[in-house]
Amino acid sequence: MTAASVTPLRRAHAPVASWIPGAQQPAFDPDGVASVAAQVREPVHVVTGRHGTAVGVAMGGDPMARGDGYRLLGTLPPLYPEWLGDRSFCETHGVRFPYIAGEMANGIATTEMVIAMARAEMLGFFGAGGLAPARVEAAVDELVRELGDLPNWGVNLIHSPNELAIEERVAALLIERGVPIVSASAFMGLTPAVVRCAVSGLRVGTAGEVVRKTRVFAKVSRSEVATQFMSPAPPELLRTLLDRGQITPEEAELAARVPVAEDITVESDSGGHTDNRPLLALLPTILAVRDEMVRTHGRPIRVGAAGGLGTPDGVAAAFGLGAAYVVTGSVNQACVEAGLSDDAKAMLAQADVADVIMAPAADMFEQGVKLQVLRRGTMFAPRAAQLYEIYRTYPSLDAIPEQRRARLEREILQAPIAEIWAGTAAFWRDRDPEELARAEADPKHQMALVFRWYLGKASRWAIDGDASRKFDYQIWCGPAMGAFNRWTAGTFLAEPANRTVVQVARNLLEGAAVITRAHQLRTYGVPVPARAFAFSPRNLT
Ligand SMILES: Cc1cc2nc3c(=O)[nH]c(=O)nc-3n(C[C@H](O)[C@H](O)[C@H](O)COP(=O)(O)O)c2cc1C
């Protein structure tokens, strides 16, 4: 043990000055301490009694260099929710708060949600994943029309390994319409489409710095992927884009001076696709990668946190770990702006922390990839798991034993397989004839497409509120939802109609500031009661 580590108490109690009370006496009792701790926007003095050693808190009064007052151990300046993250995040993206409502596929993160967040001086990303390019285009046009030159909104560019043409088309659209932020997700490595978003429009600013037209956020849960986004674009991808005429030689040259993305969102255990990693382990790991990359390349990179954030405590902890900003998902899906049926939102409002489960994912069904969904009130997860088990067991639809096939049609699919296949074949003929040809040549792939029909429809039924298929609703959701429901129980935010993305965000941030202040005071020896670490939701303007 070092000399520095044996004397913390004496150091903490060494007064720096005296403090003379004004209208208000200092507080040493739990109620008084809790009340002062909650007033985060006021400076707080940490004091000890004139003679005793008890540590308390005080506001106002007169901190003096000398005198016969209380002994002043230190003063905490005001704390604002705006200041919890990295200040450069707010400056760069033109926001007041370091907070993002994350993209949710199939337009569940609606244009309305993105507009509400942008106008409240936060960030929101439109959920373009899973939508046809024409729908993405309509949404982008609406956002451009409504938000004009505002810099603080974005659209998801989701990596689609099976549909690279769609990825390319969406990237081209986002660049062409001047979408200020592209949030890249599900990438296992860089592709021409995402690099094109980062590089198109790079130019030299007045001070010789590289200025971006499009800011790319990258959502990652693995350090090897993070490393690629934190590095300058690889020359071979730049060459491909140059050869295609999609970037200019000047842009390619400038690309060598900047990382692909300057904002990296670390996604821990979350709703939807997730590696289920805990934030406490993942964020420090990727922050360390970031430090290394910044040492190598010199340009600052911010790292934000996503996954499991549904309470002020969680948000305070993420900032405490060093997150530059926070991203929420599950809790926004239960908000009025979300593109999900009221029925499904009501189910989300009932969820507890353990009411989630991993289930087969439609987009990567054959690879056995899973995503996190709501378990309570729906049979989707066990039914989807049965489909996967059948897929693994039999080589084709025809090989499924008659009795099992009949049960499958009756209980899960609720339609004859032949009928589903006819519709599925028509869909793929239109969207991607190669996929259809593959299925016709490979009966196992045909089975996968039929089962993926169910998985895809299950999301659609939840979005549309198809009551006849309520037990099949597929609702992506993480444990944050249950934590949020418990936190808001009995308050105005328990009512689905009062859950707006902006109220949810403001309450999470305000509460995080209160908890951060309580924690600060505790570290200085103030006996902070447990209730000072609790923040009850309220209508915040
Ligand atoms: C319904 C739903 C759909 C989602 N769709 C996408 C998506 O299309 N692309 C993406 O990058 N992230 C998607 N996410 C992840 C969120 O953007 C966010 O990162 C995540 O939900 C944060 O974790 P949390 O659910 O614990 O709050 C989705 C999340 C949910 C709940």
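The values are calculated or read from the model by the stated rules, or taken from the named source; none is laboratory data. From a predicted model like this one, the values you see are computed outputs, not experimental measurements. Quick reminder, even Gly has a Cβ in these numbers, built from the backbone with ideal geometry, and neighbours come from all protein chains shown.
Residues that are more than 26 Å from residue 323 (Cβ to Cβ) and acidic (Asp, Glu) were ranked within the range 240-285; the one that is surrounded by the fewest Cβ atoms within 10 Å (Cβ to Cβ) is 243.
State the number of residues belonging to the range 460-471 that are in a helix (DSSP H, G or I), within 16 Å of the ligand (Cβ to nearest atom) and surrounded by fewer than 22 Cβ atoms within 10 Å (Cβ to Cβ). Qualifying residue count for the region: 3.
Any residue in the range 409-423 that is more than 16 Å from residue 452 (Cβ to Cβ) and in contact (Cβ under 8 Å) with a residue 40 or more places away in the chain sitting within a Cβ distance under 9 Å of a residue that is surrounded by 13 or more Cβ atoms within 10 Å (Cβ to Cβ) and small (Gly, Ala, Ser)? List the pairs, counting only those 6 or more apart or interchain. Cβ pairs passing all conditions: none.
Filtering 107, 124, 129 for residues that are more than 16 Å from residue 328 (Cβ to Cβ) and touching a residue at least 60 places away in the same chain (Cβ under 8 Å) leaves a single hit, 107.
Identification of helices (runs of 4 or more DSSP H) wholly contained in the range 372-448 with 1 or more residues that are within 28 Å of residue 166 (Cβ to Cβ) and within 36 Å of the chain's Cα centre (by Cα) yields 380-393, 417-431, 433-441. The set of residues in the range 177-216 that are touching a His at 6+ places or on another chain (Cβ under 6 Å) and of a type in the set (A, V, I, L, M) contains only 186.
Of the residues screened, residue 432 is one that is over 21 Å from residue 273 (Cα atoms), in contact (Cβ under 8 Å) with a residue 40 or more places away in the chain and surrounded by fewer than 17 Cβ atoms within 10 Å (Cβ to Cβ).
Looking across the range 133-166 at every residue that is among the acidic types (Asp, Glu) and modelled with pLDDT under 95, the one that is farthest from residue 304 (Cα to Cα) is identified as 163. Within the range 504-541, the set of residues being assigned to a loop (DSSP other than H, G, I, E, B) and in contact with a His (Cβ under 9 Å, 6 or more places away or on another chain) comprises 525, 528. Residues that are acidic (Asp, Glu), more than 12 Å from the ligand (Cβ to nearest atom) and in contact with a Ser or Thr (Cβ under 7 Å, 6 or more places away or on another chain) do not occur anywhere in the range 123-140. Taken over the range 378-423, the criterion of being crowded, with 17+ Cβ neighbours inside 10 Å, more than 22 Å from residue 471 (Cα to Cα) and β-branched (Val, Ile, Thr) is satisfied by 400 alone.
Of the residues screened, residue 115 is one that is more than 16 Å from the ligand (Cβ to nearest atom) and either in contact (Cβ under 8 Å) with a residue 12 or more places away in the chain or out of contact with any Lys or Arg (no Cβ under 9 Å at 6 or more places or on another chain) (or both).
Residues in the range 114-138 that are over 14 Å from the mean Cα position of the chain (by Cα), under 18 Å from residue 463 (Cβ atoms) and surrounded by 19 or more Cβ atoms within 10 Å (Cβ to Cβ): 128, 129, 130, 131, 136.
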